[in-house]
Amino acid sequence: MSRAPALPIRLLALPAWVGLAAAGWAGEAPTEPGADALRREAWRAASLLQFDHALHQLAQLGPAAGRHDRAMRAAVLLNRPPRSDAVVARVEAELRELLAGDPDDEAGLLAAYLLARTAHVHRTSPDWREAADGYRALRQRAPAHPLATLAATKLALILLYDPAHRRPPEEAWAEAEALAPTLAEPAARALLHLTLARAYLYYDGVGDAALRHLQAALEAGPSNENVHVNTRIGVAETARELGREALALDAYARFLDEAGVDHRRHAVEVLLREHEADRRSGRP
Amino acid sequence: MTTARLPALLGASLLAGVFLYATARLLQREGEPASPGEAGGRVTVRLAHYLVYESHRPYFESVARDYERLHPHVRVEIADVPIRVWPTWRKTQLDAPDPPDLVQLGQGFTDEQMALYLLPLGEEVARPNPYNAGTDLADVAWRETFVDGLRGSGDSSETFNYRLLEYYGVPTYANTVRLFCNLDLLEKITGSRNVPENFEDFIALGEKIEDYARRHRLPITALAGAEEYARLLFTQLFQQQSQRVTRTFDLERNLTQSDREAAIAFLRGDWRPDTGTVRSAWAAWRTLGRLYQPGFLGAMRDDAGFLFKQQRAVMIVSGSWDAFHLLTDNPFEVSVLPLPNPPVATSDGRLGPLSESALLPSGSFGIMRRSRHPEIALDFLRFLTSRQINQRFADVCLRIPVVRGAHPPPEIAAFAPREDGYESGFSPYFQNFGRRAVYRVMQTTLDRLVAPSGSVEAFLADLETPFRAALRDDVQAFARDSARTFQRTDSMLVALQALAVREPEAAHRYWRLSENQSLGESDHHQALHALAWANP
């Protein structure tokens with residue numbers, strides 16, 4: 001049978017209760033659940049371009065703001081109008097400080113990704129070498145992190161579109177190709193294969209490499225429905241031009257199954273009908 | 001009381017009367033609603049649009065009254081604003097203390113404006129539209145009740161915004177372009193009501209009309225034209241004539257042309273304005289240009305419509321948005337026809353007629369975040385886009401409906417989007433690309449092609465240098481604009497990545513947005529690479 005604690009023991013709880021009540025009434029520094037709600041609201045706002053609202057939420061964190069909140073604030077400031085090189089430089093300074101603080105925690109990884117991005121696409125005068133090094137370092141540090149996974153495709157873009165080369169050198173293709181097997185996330189793999197396929201088509205036109213990557217992208221599964229359907233028709237057209245008839249016909253047929261109302265439907269139906277007529281008449 | 005005190009008494013009485021009247025008015029006002037959204041116990045929702053056409057005002061009013069009958073506590077106000085002042089008006093409304101509850105999209109509604117001022121509709125469009133009850137759409141998700149399932153396209157921002165991965169509007173109509181022909185005038189001139197069936201017939205008819213007008217000293221032309229209307233005709237003809245060459249530079253082999261791909265192909269020397277089937281398209285333009293009234297490139301669309309209504313032109317090319325105006329209230333019969341295909345003699349660039357399946361539903365409406373009654377605005381939007389009301393829109397305003405199962409009325413059956421066609425080739429106007437530098441060059445050079453004193457050679461000589469420079473400018477502008485889009489996406493992505501730890505849906509959005517961003521970066525880098533290595 002349990003007994004109620006002795007009175008002195010019960011009295012010990014009083015200061016704790018007073019403290020908790022005071023924190024709740026004062027309503028200044030957000031309690032942990034409150035801070036969490038503010039953060040999530042800030043992230044949600046930033047994910048919908050509502051940057052001012054996101055900053056307002058983060059500002060309300062006050063002393064509860066941590067390293068990750070600072071990194072997120074920098075990410076939002078990067079795009080809050082008016083943008084300028086001075087803003088980018090200030091954001092980079094903040095991100096470098098965070099990275100130096102701890103390169104391996106969530107804030108450090110976020111800072112590392114954003115620093116590579118600023119060097120790649122945010123500065124008026126990009127520094128692709130710095131960006132590529134940043135992407136590589138992030139991938140080495142935390143290869144499975146979603147931002148590091150995405151960094152693989154960003155690195156491939158730098159390797160494949162350096163304007164100094166009319167066509168990328170073989171080692172650039174090789175490094176970009178080698179990224180694919182390292183990606184466990186199917187969406188990331190599909191994206192990298194699509195990026196490679198597009199580069200091959202841009203530089204070389206239709207060829208086996210482009211087809212191989214289009215097929216690999218389909219197998220991994222593009223994230224957007226329209227990209228999936230476009231990739232399917234890409235496989236069909238590329239295979240047809242390469243004389244891979246069975247593969248082309250299969251892809252066209254799947255396209256008709258997968259696509260809804262589509263401006264290419266009639267052309268594909270005509271093509272399949274003509275092929276069937278040729279087959280029946282024994283024409284090559 | 002003495003007469004001397006009378007004026008003072010009258011003055012005091014007047015003052016007291018005014019005071020009492022003012023007090024009564026003030027008390028009366030205090031009884032009125034505090035906000036303009038509530039009146040006499042009824043809530044008011046306001047819808048603003050720029051469809052200022054003769055037929056549309058009574059239509060919108062009738063829909064509003066019908067909704068009020070179903071919901072007596074609601075009053076629906078419709079504000080129609082002329083399209084010329086619409087962008088400015090809309091801008092003032094975005095931050096106004098009492099903005100409209102529902103607003104028409106399009107006309108430069110930016111991603112930022114959508115994100116900041118409109119309510120996302122993703123969850124709502126996944127639910128059935130209750131106003132489709134009793135039909136086969138009763139249990140269908142609202143988005144799937146539209147002919148395109150609100151899939152839109154990468155550039156569409158009126159329904160599903162691919163850059164924000166969110167639905168912000170639902171559409172009410174689609175647009176196609178056709179040839180309107182005055183059959184009575186045609187018969188008077190040719191002795192027959194037979195309409196032209198191909199390009200050769202069309203040109204022959206034009207010559208007959210020209211001859212008739214000369215002989216009878218009448219100011220009649222084959223086509224009533226304005227720059228905008230001529231552009232519709234010229235563009236479609238060019239897009240057919242360039243179908244085959246466009247397939248050769250289809251960078252993604254996805255049978256979908258884009259201005260970006262055509263621009264890169266030009267920079268890489270894959271096509272030139274003065275060679276092959278592209279050159280033959282200019283010749284067809286020149287032939288068509290002779291059928292318009294003199295000075296048509298300087299005319300406005302109202303001028304052209306007036307000529308047609310006044311029977312000073314046998315035909316006019318315009319879109320379904322003008323169907324009501326051009327088909328009704330005429331003392332003559334009008335037939336609607338497909339546009340003439342390019343001439344057989346130069347048809348080696350064609351694959352076939354243009355498919356219109358890619359036409360995006362338009363006339364979308366979104367709900368303002370600061371709407372005082374968003375739930376009623378949403379309900380009215382559902383009502384407006386129910387099959388029954390969309391069919392009424394088609395019937396009353398002669399518009400192409402976009403709700404599945406609603407059909408164009410017989411008068412505009414010829415406007416129904418053509419599905420048995422092929423993908424379009426490119427347009428030399430590059431109308432929505434970069435900073436529209438090519439578009440301006442085309443507008444200022446075109447008279448050298450279509451004027452009686454002009455020629456294909458003179459036009460090409462004048463076009464060559466400015467076209468090349470303008471296209472480079474537009475590619476650079478495209479690269480700048482696309483960079484701005486994916487820069488902005490970085491902030492969205494890191495936020496989604498943080499959210500994804502607790503919300504699986506955010507992870508899905510993260511990868512979808514990453515894919516859109518990175519493929520956009522491929523396009524951007526290709527454009528810059530093509531500029532760097534283009535032939536000077």
Report summary line: Note: A:265-274 gets an average of partner chain Cβ contacts (10 Å, Cβ to Cβ) equal to 3
Report task. Would you pull out the residues with amide H under 5 Å of residue B:77's amide H, same chain only if 5 or more places away, H placed 1.01 Å from N? Result -> B:45, B:46, B:47
Report summary line: Residues whose modelled amide H sits under 5 Å from the amide H of residue B:341, counting only those 5 or more places away in sequence or on another chain, are B:199
Query raised in the report: Let a ≥ b ≥ c be the square roots of the eigenvalues of the Cα gyration tensor of the protein assembly as shown; is it rounded (a/c under 1.5), or, if not, prolate (a/b larger than b/c) or oblate?
Result: oblate
Query raised in the report: What is the distance in Å between the Cα centres of segment A:149-185 and segment B:274-331?
Result: 51
Requested in this report: Quick one: which residues, 5 or more positions from residue B:354 or on another chain, have an amide H under 5 Å from its amide H? H modelled 1.01 Å from N in the peptide plane, none for Pro or chain starts.
Outcome: B:422
Query raised in the report: At a 1.4 Å probe, what is the % contribution of carbon and sulfur to the accessible area of segment B:125-268?
Result: 46
Query raised in the report: At a 1.4 Å probe, what is the % contribution of carbon and sulfur to the accessible area of segment A:37-193?
Result: 55
Query raised in the report: How many Cβ atoms of partner chains, on average, are near each residue of A:191-202 if near means within 10 Å of its Cβ?
Result: 4
Report summary line: The answer for trypsin sites (Lys or Arg not before Pro) in segment B:155-252 that fall in a DSSP coil and have at most 14 neighbouring Cβ atoms within 10 Å is B:193, B:217
Query - Prolate/oblate/rounded call for segment B:201-323, Cα gyration tensor, a/c under 1.5 rounded - result: prolate
**Report entry** Estimated inter-spin distance, residue A:83 and residue B:502, nm [label 7 Å along Cα→Cβ]
**Finding:** 3.0
Requested in this report: Find the sum over both chains of the accessible area lost when B and A are paired, probe 1.4 Å, and report it in Å² to the nearest 100.
Outcome: 6000
**Report entry** Per-residue ³J(HN,Hα) for segment B:324-334, Karplus 6.51 cos²θ - 1.76 cosθ + 1.60, θ = phi - 60°, Hz, x for Gly and Pro
**Finding:** 4, 4, 7, 9, 10, 6, 10, x, 9, 8, 10
Query raised in the report: Which of rounded, prolate, oblate describes segment A:55-102, given a ≥ b ≥ c as roots of the alpha-carbon gyration tensor eigenvalues and a/c under 1.5 marking rounded, otherwise prolate only if a/b is larger than b/c?
Result: oblate
**Report entry** Peptide-level mean, for A:67-77, of C-beta atoms on other protein chains within 10 Å
**Finding:** 2
Query raised in the report: How far is helix B:504-533 tilted off the main Cα axis of chain B, in degrees rounded to 10, range 0 to 90?
Result: 40
Query raised in the report: Label-point separation (nm) for residue B:15 and residue B:94, each offset 7 Å from Cα along Cα-to-Cβ?
Result: 5.3
Requested in this report: As a check on your grasp of the helix formula, calculate [θ] at 222 nm for the protein assembly as shown: sum -39500 (n - 2.57) over DSSP H runs of n ≥ 4, divide by the residue count, round to the nearest 500.
Outcome: -18000 deg cm²/dmol
Report summary line: Once phi for every residue in segment B:57-73 is put through the Karplus expression 6.51 cos²θ - 1.76 cosθ + 1.60 (θ = phi - 60°), the whole-Hz ³J(HN,Hα) values, with Gly and Pro written as x, are 4, x, 5, 4, 5, 5, 5, 4, 5, 4, 5, 4, 5, 6, 10, x, 7
Report summary line: In degrees, nearest 10, the alpha-carbon axis of helix A:128-141 is tilted away from the dominant principal axis of the alpha carbons of chain A by 70
Report task. Run down the lysines and flag those whose C-alpha is under 20 Å from the C-alpha of residue B:309, throwing out any fewer than 8 positions away in its chain. Result -> B:188
Report summary line: Probe 1.4 Å, heavy atoms of protein chains only: per residue, the accessible area of chain B in Å² is 42
Query raised in the report: In degrees between 0 and 90, to the nearest 10, how far off the longest principal axis of chain B does helix B:199-216 point, with axes built from Cα atoms?
Result: 80
Query raised in the report: What is the dipole size for segment B:225-339, taken about its Cα centre, with +1 at each Lys and Arg Cβ and -1 at each Asp and Glu Cβ, in debye to the nearest 20?
Result: 460
Report task. In Å³ and rounded to a whole number, note down the convex hull volume per residue for the Cα atoms of chain B. Result -> 239
**Report entry** segment A:100-204: trypsin sites (Lys or Arg not before Pro) in DSSP coil with no more than 11 other Cβ atoms inside 10 Å
**Finding:** A:166
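The values are calculated or read from the model by the stated rules, or taken from the named source; none is laboratory data. This is a predicted model, so every value here is computed, not measured. Positions of Cβ are backbone-derived with ideal geometry, glycine not excepted, and every protein chain shown enters the neighbour counts. Only protein heavy atoms, including side chains, enter the accessible area calculation; ligands, DNA and RNA are left aside. Shrake-Rupley method; radii C 1.70, N 1.55, O 1.52, S 1.80 Å.
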